[in-house]
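Everything on this sheet refers to the single structure shown next.
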Amino acid sequence: MELPAVARGVLHALELAREDVHLWCGRLSDEQIEMQVLRLPSLAFQLRHIAGSLDRLLTYAEGGELSAEQVAEGRAELQARGSRVELLEEFDKSLARSAERVQNLGRRDLEAVRFVGRLKLPSSLGGLLVHVAEHTQRHVGQLVTTAKVLDELRASGGISLR
C-alpha cells in the first residue's frame with residue numbers, strides 16, 4: 001500500500017537531504033567539516049543538528065517527550081566534532097531511522113494533536129511531519145552554502161587547509 005502524500009513528501013525531503021549532503025560534503029577534509037567561516041555554523045554542526053532535530057521532532061510526532069539524553073545531545077550540537085566519515089555515517093543512520101519512523105507515522109491521523117517542548121506548544125502530527133521536511137531542507141541549504149564558501153575560499157587561497 002502506498003504511503004499518503006505527506007509521508008511521501010517527508011521521505012523525499014530526507015532522500016534529497018542525503019544526496020545533497022554527500023554531494024557537498026563527500027569531498028571535503030575533516031578540517032573543512034569542522035571549520036567555522038564568516039560566522040556560519042560548521043558543517044559538523046549542521047550534520048549533527050539535522051540528525052538530532054529529526055530525532056527530537058519525530059519524538060514529538062510520536063506523542064512523546066524528549067529524554068534527558070536528547071536534551072543533552074541538542075545542547076552539545078554547537079560543539080560538534082568528528083571526522084567527515086564518522087559524521088556522514090551518523091547522518092546516514094539518522095536518516096534511515098527517521099525514514100522508518102515517518103513510514104510508521106504516515107498512515108496515522110495527521111490532525112492528531114501533539115505537543116512540543118517544555119511549554120507543550122500545540123501542534124499536530126501532520127504539522128510536525130511537514131516541519132521535519134522543512135527544517136531538514138533549511139539546514140541542508142545552509143550546509144550547501146557553507147560548503148560552497150569553503151570551496152571558494154580554498155580555491156582563491158583565502159584559507160589554508162592542510
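Miscellaneous remarks
- GNM top mover of 88, 128, 119 - the chain, alpha-carbon springs below 10 Å: 119
- Between residue 76 and residue 154, the modelled label-to-label distance comes to 2.7 nm, taking each label 7 Å out from Cα in the direction of the beta carbon.
- Computed across the range 1-44, the Kirkwood hydrodynamic radius from all distinct Cα-Cα pairs reaches 12.5 Å.
- Rg to Rh quotient for the range 98-162, alpha carbon positions, Kirkwood Rh: 1.27
- Length-normalised contact order of the chain in % [C-alpha pairs under 8 Å, at least 6 apart]: 37 percent
- Helix-only [θ]222 nm of the chain, DSSP H runs n ≥ 4, -39500 (n - 2.57) each, per residue, nearest 500: -22500 deg cm²/dmol
- Note on the range 15-109: along the principal axes its Cα atoms extend 43, 28, 21 Å, ordered by decreasing extent.
- Alpha-carbon Debye profile of the range 72-134, log10 I(q)/I(0) at 0.12, 0.15, 0.28 Å⁻¹: -0.44, -0.66, -1.15
- Here the Gaussian network model covers the chain, with springs between Cα atoms less than 10 Å apart; of 115, 45, 91, 115 fluctuates the most.
- Full extension of the chain between residue 27 and residue 93 gives 21.8 nm of extra length, using 0.36 nm per residue less the Cα-Cα distance.
- For the range 1-21 versus the range 118-162, the spacing of their alpha-carbon centroids is 17 Å.
- Rg(Cα)/(2.2 N^0.38 Å) for the chain, N = residue count: 1.10
- Ellipsoid fit via the Cα gyration tensor, the range 41-82: semi-axes of 20, 11, 5 Å, each the root of five times an eigenvalue, largest first.
- Helices assigned as whole DSSP H runs in the chain whose Cα atoms extend at least 27 Å along their own long axis and whose mean Kyte-Doolittle hydropathy is -1.0 or higher are found at 5-25, 84-105, 125-155.
Bear in mind these aren't lab numbers, they're just calculated from the coordinates by the rules spelled out. Quick caveat, the model's predicted, so the values are computed rather than measured. Virtual Cβ from ideal backbone geometry, glycine too; neighbours counted across all protein chains shown.
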